[in-house]
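Have a look at the structure below before the remarks.
Any read-out appearing in this document is the output of simple, stated calculations on the displayed coordinates, not a laboratory observation. What you see is a predicted model; the values in this text were computed from it and never measured. A quick note on method: Cβ atoms are made from the backbone with ideal geometry, for glycine too, and the neighbour counts reach across all protein chains shown.
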Amino acid sequence: MGDQSEENISRREIMKVLGGFAVVSMSNTAAATSWTSFVDSSEIDPHTTETYRSLVDVILPETPSLEEELGPEHVPGALDIELEHYVIWQLDHCCEVRLERLTPPSATQPLQLQEGTMDPQLFELTLDTRDTSSDLAAVNDQSPVDLTIALPNFDALEAALEFGAVERFEVAIADDLSVDESGPATFTSTVETAEETFERTLQSYPYASLLSLVWDIVAADAIATTDTGIEGVASRQETDGGGTFTQLSGKDRLRALWRIIDTDLLSVLEPLLTVFVPRPGILRYVFMMLNALAGFGYYSEWAGYGTSKTALPTERELTTPVSEIQGHKQTGYPGPAAGYAIDWEFLIDGGFDDPPASELELPDDLTGGDVIEGIGGDGL
Amino acid sequence: MSDPDVVVIGAGADGPACAARLARKHGLDVLILEAGPWHGNEQWPEPHRDAGGTESSTTGDLNGKLLDEQLTTLEAASVDRIGGMFRLGPANLDRTPWTRTIHQNALTWHVNGVGGTSLSSFNNYPRAYPHAIDDQEHWPIDYEELVPYYQHNETVTNVRQAPITAKHRPFLRGVEESGFEHIDALNVTDTGYRPLPNAIAAPPEELNADYDGSFSYEDGFRGNPLIADEFMGSPTPSDAPVEEKARKSSNVSWVPRALAATDDPEMGNVAIRPNTAVTTITTEQGEATGVEFRNTWSGHTGVVTADVVVLAAGTIESPRLWLNSGLPDDGWVGKGLTTHWFDWVVGVFPDEVLTDITGQPEFKPYAGDAGAVIVDKPGTGCITDATGPSGVTSLACYLLSRAGYSFDNDVDPDEPWDGRGYLVGTELKRKMARYKQTSSLFIYTDDLPRQNNGVTLDPGFSDEHGPVAQVSWTPHPDDTAKRDELARMAAHILRAAGAEYVHRVDWAPLLTFSQSSLGMGRVLDANAEANNVSRLFVADHSALANCLGGPAPTNTGQALALRTADRIADRYFS
């Protein structure tokens with residue numbers, strides 16, 4: 001019938017090439033595939049996992065000290081429900097990049113992009129630390145400017161920065177961009193450690209692993225900047241594959257991240273950060289996300305999805321009774337209900353006073369006066 | 001519908017009101033194109049997994065039991081910004097949401113779909129403060145002119161005073177102890193407190209603490225079952241037809257009313273096409289002629305022509321579409337965005353105080369309307385209460401701040417709060433363990449429209465519809481001074497009620513009930529028609545000239561949309 005959309009064709013091609021399978025909807029319109037749903041979370045590399053574990057652990061820790069005060073149900077924390085996988089999933093599924101919007105700059109005008117298109121190179125990165133003198137030197141190899149000159153604190157940063165178990169990192173577009181296609185681009189995110197290679201494929205931008213390296217940079221900058229008082233307290237051996245970020249004490253991890261908002265870090269480190277993200281300003285937004293997501297994920301029903309926690313949203317199944325989900329036990333929130341048998345009353349007998357427009361008599365002064373002494377007017 | 005008189009872009013809070021008025025009062029045929037999904041309509045039994053039907057134009061397609069099945073009211077499944085059904089993104093939940101570029105510590109919270117952000121709304125329906133309409137310089141019309149539209153909207157959406165339950169009583173105790181005057185009016189011109197006008201049905205008289213009956217509509221339950229499920233889509237009472245759900249969000253009130261016009265041979269027809277993203281407003285010689293659209297499931301594109309185009313895609317997507325369509329910009333398109341410059345102040349209460357106030361040492365934050373009491377201070381803003389489920393509570397109370405981590409914040413002893421900023425770790429768990437003893441107050445500041453704030457196109461990132469919106473919003477010191485005042489008032493009220501711990505979160509900017517990015521008096525004339533594009537009207541909250549002095553904008557957005565429908569009919573169809 002010749003009516004197949006370009007989108008359907010490109011997904012079938014992906015299926016053929018990658019040997020996977022997609023969720024096909026009832027109406028024969030192929031739903032987007034998100035490959036993480038068929039990937040065991042153990043396929044996420046230890047650096048990524050440890051970085052986000054070390055973040056959620058400080059926001060919502062295990063609290064044995066609360067057992068006596070509040071009861072044993074208040075002891076478990078974020079790590080007990082693998083909250084790091086909530087944060088990783090959110091970051092990895094927040095943003096699609098469209099194939100039809102990816103156009104390399106033209107050969108004759110290399111710096112010109114058509115309006116509404118993006119250079120695919122902005123979304124790709126390869127970092128290899130194996131034959132370099134330091135992890136920062138490996139980043140410098142990918143930088144169009146010489147970071148030893150562009151960064152005022154290159155030496156101190158270099159001494160502090162470690163990407164942990166990561167020896168090689170790559171984000172790449174899997175699609176053949178010479179073919180005119182539309183649909184979400186497929187990305188591979190690859191981490192090689194000394195022992196293993198971890199590769200994942202997503203139809204969304206794989207931010208989680210990429211940003212875990214950025215958090216190491218943010219942590220290293222906190223250490224390298226003399227007035228922060230922040231230093232690494234854990235050795236590389238102790239962090240199970242994590243990098244500089246995981247070497248900080250709990251509060252210092254948060255202090256280091258807060259410097260994204262509170263200092264000029266983003267502009268001072270811009271040449272370094274742009275190797276990872278084209279516009280480092282988004283890191284302020286991601287900072288917001290990291291904190292907000294930790295609480296929302298923890299205290300919502302997410303943990304109750306059990307083994308389907310990182311499945312596609314349409315595939316998740318609640319396997320724990322809602323009131324017994326960890327965050328719900330700790331707050332006493334029971335979950336959905338049809339209604340509540342509780343007392344209620346109206347304050348105003350007969351309802352609001354509401355004259356017709358023709359009888360509206362507004363006073364001359366339409367503003368309200370102060371009520372609480374010492375508060376109001378020109379704000380103390 | 002292939003040949004509408006009017007095409008409306010967006011079936012959110014206000015678009016359906018405008019469409020309904022055009023069809024019912026003026027006999028016009030209206031096609032509404034909505035980028036998101038439609039819940040509770042038999043043509044889309046699995047709206048997030050399947051493309052379903054194309055268009056629906058009859059109330060016969062609406063199905064309340066289907067809505068019950070689709071809306072689990074579990075928090076993450078419902079309102080997770082990325083994987084939840086009420087998000088800003090394509091209906092296909094296997095895909096990511098759509099992007100807005102924000103280079104700030106800030107959060108946007110808008111929803112697309114039939115019902116728009118009202119799907120996730122507390123449905124507080126106060127009117128604007130007359131001060132903001134008549135005294136402030138922004139509006140080209142008078143408050144008095146809006147009153148008949150308010151009254152009609154309030155009748156259609158069942159606005160009444162909120163019922164007071166135990167969870168609202170700490171706030172009430174605090175305002176009474178603080179000396180605020182009781183207000184019993186809908187037109188507010190002085191400082192005081194009152195129950196919130198909410199567009200939610202009243203609870204039935206037989207509902208009280210001794211009620212042991214069913215909450216199902218099929219068993220005879222009518223009205224508000226007092227579960228605070230507004231944020232998660234509010235499908236209660238269970239088994240009720242869509243129009244009989246208690247919370248009268250747009251999908252429950254104006255959408256059925258619009259479709260009923262089609263069913264009535266004396267009126268015009270309304271059809272709604274979800275999963276249809278408008279990509280361009282077409283024009284010829286300075287006049288709008290229609291739209292180009294793209295189906296979000298199939299990618300198929302098409303064109304609709306009409307005599308009038310109504311833009312109702314929301315405060316961020318409307319200006320984005322305007323700019324992506326290459327329409328004229330005299331410097332205020334997307335600009336002047338107001339956000340209410342929100343803040344959130346938390347009070348945690350000890351057993352004995354709650355027992356004194358409510359008769360019990362704790363209350364159910366999930367039982368009763370999400371917000372039921374408002375303190376009004378025209379000229380500064382307002383304060384409401386707001387409680388709900390635990391996930392959103394943790395985020396709002398302790399995990400969205402511009403003030404850094406409380407463990408490093410000194411608290412000014414002259415300020416009426418005990419903590420400020422992010423709360424984490426053992427302290428966070430300790431406070432969240434007292435969820436049933438925690439009252440939250442929602443501060444709405446009267447922030448003014450400023451030209452440096454708003455929406456531009458992001459030249460660096462495009463989605464399938466074109467360059468995405470880039471949002472930039474920074475607070476002005478004058479507005480921050482008002483916000484500080486309201487936060488101090490809120491903290492004092494909580495103390496007066498007997499809170500033992502008060503926390504000022506000092507929120508990072510939250511753009512949710514946002515306004516005025518295509519404001520009347522700037523981009524639009526007094527008819528809400530674009531100054532520079534004839535036959536293009538705006539009927540969403542971007543058309544509001546300012547933030548109304550603080551109150552939540554839905555009532556005013558809809559009232560204005562009704563008026564705009566009348567102006568459209570006068571101007572182009574009389």
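Enter the Cα centre distance for the pair region B:147-221 and region A:249-284, rounded to the nearest angstrom. Each part reduced to its Cα centre gives a spacing of 46 Å. Let me make sure I get this right: for region B:249-297, a, b and c are the square roots of the gyration tensor eigenvalues over alpha carbons, sorted descending. Under 1.5 in a/c it's rounded, otherwise prolate if a/b > b/c, else oblate. Which is it? Cα axes put region B:249-297 in the oblate bin. Give me the percent of DSSP beta bridges within region B:300-441 that run antiparallel, rounded to the nearest 5. Here the share of antiparallel DSSP bridges comes out near 90 percent.
Under 15 Å from a label point set 7 Å out along the Cα-to-Cβ vector of A:Thr132, the amide N atoms of region A:271-285 belong to A:271-277. Applying 0.36 nm per residue to the separation of A:Leu360 and A:Glu170 and subtracting their alpha-carbon distance, the gain on full extension is 61.6 nm.
Multiplying the sequence separation of A:Glu199 and A:Glu317 by 0.36 nm and subtracting their Cα-Cα distance, what value in nm do you get?
Details: separation 118, 0.36 × 118 = 42.48 nm, distance 2.62 nm.
Stretched fully, the A:Glu199-A:Glu317 segment lengthens by 39.9 nm.
Give me the distance between the Cα centres of region B:266-342 and region B:477-497, rounded to whole Å. Taking the Cα centre of each part, region B:266-342 and region B:477-497 sit 39 Å apart.
A crude spin-label estimate for the pair B:Asp410 and A:Asp141, with each label 7 Å from Cα along the Cβ direction, gives 4.8 nm.
Relative to the Cα centre, what is the charge dipole magnitude of chain B, using +1 at the beta carbon of each Lys and Arg, -1 at the beta carbon of each Asp and Glu, and rounding to the nearest 20 debye?
Using Cβ point charges on Lys, Arg, Asp and Glu, chain B gives about 780 debye.
The magnitude of the dipole of the protein assembly as shown, with charges of +1 and -1 set on the Cβ of Lys/Arg and Asp/Glu and taken from the Cα centre, is near 780 debye.
Go through region A:184-265 and name the GluC sites (Glu not before Pro) that are in a DSSP coil and have 10 or fewer other Cβ atoms within 10 Å of their Cβ.
A:Glu195
Between A:Asp343 and B:Glu144, the FRET efficiency from the beta-carbon distance, with R0 = 30 Å, is close to 0.15. Computed from the C-beta positions of A:Val179 and B:His300 and an R0 of 25 Å, the FRET efficiency is 0.75 to the nearest 0.05. With neighbours defined as other Cβ atoms within 10 Å of a residue's Cβ, the residues A:Asp135, B:Asp412, B:Asp458, A:Asp343 order from fewest to most as B:Asp412, A:Asp343, B:Asp458, A:Asp135.
Taking the DSSP bridge list for chain B and keeping only pairs wholly inside it, about 70 percent are antiparallel.
Ranking A:Asp370, B:Asp3, B:Asp484 by Cβ neighbours within 10 Å, fewest first, what do you get?
Details: A:Asp370 14, B:Asp3 9, B:Asp484 19.
Placing the least packed residue first, the sequence is B:Asp3, A:Asp370, B:Asp484.
For region B:113-176, which GluC sites (Glu not before Pro) are both in a DSSP coil and crowded by at most 12 other Cβ atoms within 10 Å? Kindly include the intermediate steps, with their values, before the conclusion.
Values: sites: B:Glu137, B:Glu144, B:Glu145, B:Glu154, B:Glu176; in loops: B:Glu137.
Sparse-neighbourhood loop GluC sites (Glu not before Pro): B:Glu137.
Assuming R0 = 35 Å, what is the FRET efficiency of B:Arg222 and B:Trp109, from their Cβ-Cβ distance, to the nearest 0.05? Efficiency computed from Cβ-Cβ geometry: 0.65. Net charge in the neighbourhood of B:Ala258 (other residues with Cβ under 10 Å of its Cβ; Lys, Arg +1, Asp, Glu -1) is +3.
Mean Kyte-Doolittle of at least -1.0 and a Cα length of 18 Å or more along the axis: which whole DSSP H helices of chain B meet both? Don't skip to the answer; put the middle values down first.
Working: long enough: B:143-156 (20 Å, -1.05); B:477-497 (30 Å, -0.58); B:554-572 (26 Å, -0.63).
Long hydrophobic helices here: B:477-497, B:554-572.
Using alpha carbons only, how many degrees (0 to 90, rounded to 10) separate the axis of helix A:83-92 from the longest principal axis of chain A? Its long axis makes an angle of about 70 degrees. In the protein assembly as shown, a dipole from Cβ-located charges (positive for Lys and Arg, negative for Asp and Glu) runs towards its positive end, and of B:Tyr435, A:Thr239, A:Thr193 it is A:Thr193 whose Cα lies farthest in that direction. Projecting the Cα atoms of B:Ala128, B:Pro241, B:Leu33 onto the dipole axis of the protein assembly as shown, where Lys and Arg carry +1 and Asp and Glu carry -1 at the beta carbon, places B:Leu33 farthest toward the positive end.
Using alpha carbons only, how many degrees (0 to 90, rounded to 10) separate the axis of helix A:250-262 from the longest principal axis of chain A? So the helix axis and the longest Cα principal axis differ by about 90 degrees. Counting neighbouring beta carbons within 10 Å and listing from fewest to most, the residues B:Asp142, A:Asp216, B:Asp570, B:Asp414 come out as B:Asp414, B:Asp570, B:Asp142, A:Asp216.
Taking the longest Cα principal axis of chain A as reference, the axis of helix A:207-224 is set at about 90 degrees.
Computed extension gain for B:His182 through B:His152, at 0.36 nm per residue and net of the alpha carbon distance, reaches 8.3 nm.
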